[in-house]
Amino acid sequence: MSAYEQRKKDDEQENENLDAMILQTRKKNARCAEMESKIDGLFSNYNINLPQRETPDQP
């Protein structure tokens, strides 16, 4: 196998790994958003007011 083919194969494997990491991160973010929504709902039910948080810029 030539050096080019090996680098291409390595790059493809790295891309697959990064895609898996992105998918996992998106699932975790969705779960966190769901939990945050539930917490906000509970706080609202019990009139718990917290200062507004700053939302970070998303890439």
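The values are calculated or read from the model by the stated rules, or taken from the named source; none is laboratory data. Because the structure is predicted, anything quoted here is derived from the model rather than measured. With ideal geometry, Cβ positions are generated from the backbone for all residues, glycine too; neighbour counts draw on all protein chains shown. The area values use the complete protein model at the heavy-atom level, side chains included, leaving out ligands, DNA and RNA. Shrake-Rupley method; radii C 1.70, N 1.55, O 1.52, S 1.80 Å.
Any residue at all in the range 27-40 that is of a type in the set (Val, Ile, Thr) and either open to solvent by 90 Å² or more (accessible area, probe 1.4 Å) or not in a helix (DSSP H, G or I) (or both)?
No, the conditions are met nowhere in the range 27-40.
Does residue 3 satisfy the criteria of being surrounded by 10 or more Cβ atoms within 10 Å (Cβ to Cβ), hydrophobic (A, V, I, L, M, F, W, C) and modelled with pLDDT of 90 or more?
Taking the combined requirement at face value, the residue does not satisfy it.
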